[in-house]
Amino acid sequence: MTRKSGPPKQTPSPASQLLAWYDRHRRHLPWRSAPGEPADPYHVWLSEIMLQQTTVVTVGPYYRDFLKRWPRVHDLAAAPLDDVLTAWAGLGYYARARNLKKCAEVVVTDHGGVFPGTEEGLRSLPGIGP
């Protein structure tokens, strides 16, 4: 009696193995979306600006506070610069805070509150470089 076997098992690609490993072992950070959920560009951008030359441990409370005060890019764009600078106090490099505010304004006024979807478009924003 011959035994039929099913189709050969396919080995997951290295990329899918790595992504599965990441989903199991990733650090849980307030700016990361849950697996399967789309990332919010405003949250990603805010965290990236804050994390420049600043540790993750330091940024966490500031990030949460900013989102509580200004949950959308429109809110940040409308905020007085002095309020943004005060909320930024302790993160250092205040040029980042000024560029953060200026960038939010440009995203709202020139892009309808939506971050550009291209590298070229993002690089045109204040405070975003290569």
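No lab work stands behind these numbers, since they all come straight from the coordinates. If you're wondering where the values come from, they're calculated on a predicted model, not measured in any experiment. As a convention, Cβ positions derive from the backbone with ideal geometry for all residues, glycine included, and neighbour counts pool all protein chains shown.
Couple of notes before you dig in:
- Its DSSP H runs of at least 4 residues, each contributing -39,500 (n - 2.57), put the calculated 222 nm mean residue ellipticity of the chain at -17000 deg cm²/dmol, to the nearest 500.
- Per the Cα gyration tensor, the range 42-123 maps to an equivalent ellipsoid with semi-axes of 20, 14, 11 Å, ordered largest to smallest.
- Within the range 1-99, the proportion of C-alpha pairs whose separation exceeds 22 Å stands at 46%.
- Ranked by the mean number of other Cβ atoms within 10 Å of their residues, highest first, the peptides 37-43, 22-28 come out as 37-43, 22-28.
- Within the range 73-111: backbone nitrogen closer than 13 Å to the residue 52 label point (7 Å, Cα to C-beta): 92-104
- Rounded FRET efficiency, nearest 0.05, which uses the C-beta distance separating residue 122 from residue 13 and R0 of 22 Å: 0.15
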